[in-house]
Amino acid sequence: QQGPGASIGFTHQTVFDYALSRMFAQEQGRLSTYVLERQASLFVRPKLWSALTYLREAEPTAYALDLKAIWSAQGLRPHLRRLVLDFMGQQPLPSDLEKLLMTEALKDQATRLTAFKAIKGSEGWFQHLKDSFIANAMTENETTAGWALEILTAAWRFAADDVARLLESRWSTDPKNDVRMWLP
């Protein structure tokens, strides 16, 4: 729009997201209510991410309650479930609740691949899952072995001894894994 009375507005999104996140911290269930009422909107994604970031640090109890409410909501849209998995997967020191929810996701065929992708590159998740879901994926089938290979390759830089142990115990005895053994 041009002419008299026309203006250009600018809002610093970070400040807005911070203020919104603080508002969510003031009342339990506020974030989950906000998200679930607006889950069809793509614009809820950045607000959810920044609110989860804020609440996890500033209000762990509110974070846990809202995270659980969002995760367990009937009919939660797939894009939000993926976002929550990605958020949890990036945490360097997963909480007990995050471990529980990620375990649920790793057991569910609908979210399993997304969960594996979310934890790739996270030292905390690797340490927690290396001898269970990751080790099992290595020998389950060709598809899951590929998922495990991506995680092992990323983990090589921070857990080379653990990766080598898994390679030896899970793949070294089967010649079909020779190519995989050289990749990490």
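Counting only lysines at least 8 places from residue 130 when in the same chain, those with an alpha carbon closer than 16 Å to its own are 99, 107, 117, 120.
Using R₀ = 30 Å, calculate the FRET efficiency as 1/(1 + (r/R₀)^6) where r is the Cβ-Cβ separation of residue 41 and residue 103; round to 0.05. Kindly include the intermediate steps, with their values, before the conclusion.
Values: r = 29 Å, r/R0 = 0.98.
The computed FRET efficiency comes out at 0.55.
Which of rounded, prolate, oblate describes segment 111-184, given a ≥ b ≥ c as roots of the alpha-carbon gyration tensor eigenvalues and a/c under 1.5 marking rounded, otherwise prolate only if a/b is larger than b/c? Could the numbers behind the result be given before it?
Numbers: a/c = 1.73, a/b = 1.23, b/c = 1.40.
Oblate, because a/c is 1.5 or more while a/b does not exceed b/c.
Sorted largest first by accessible area at a 1.4 angstrom probe radius, with every protein chain in place, the residues 99, 107, 120 fall in the order 107, 120, 99.
For segment 53-184, which whole-number percentage of the solvent-accessible area (1.4 Å probe, protein heavy atoms only) is attributable to carbon and sulfur atoms? Spell out each step's value before the answer.
Numbers: 3540 of 6750 Å².
About 52 percent, which is the carbon plus sulfur part of the accessible surface.
The values are calculated or read from the model by the stated rules, or taken from the named source; none is laboratory data. The structure presented is a predicted model; accordingly, all values stated were derived computationally and were not measured. Because the Cβ atoms are built from the backbone with ideal geometry, glycine has one as well, and the counts that use them run over all protein chains shown. These area figures cover heavy atoms from the full protein model, side chains too; ligands, DNA and RNA do not enter into them. Shrake-Rupley method; radii C 1.70, N 1.55, O 1.52, S 1.80 Å.
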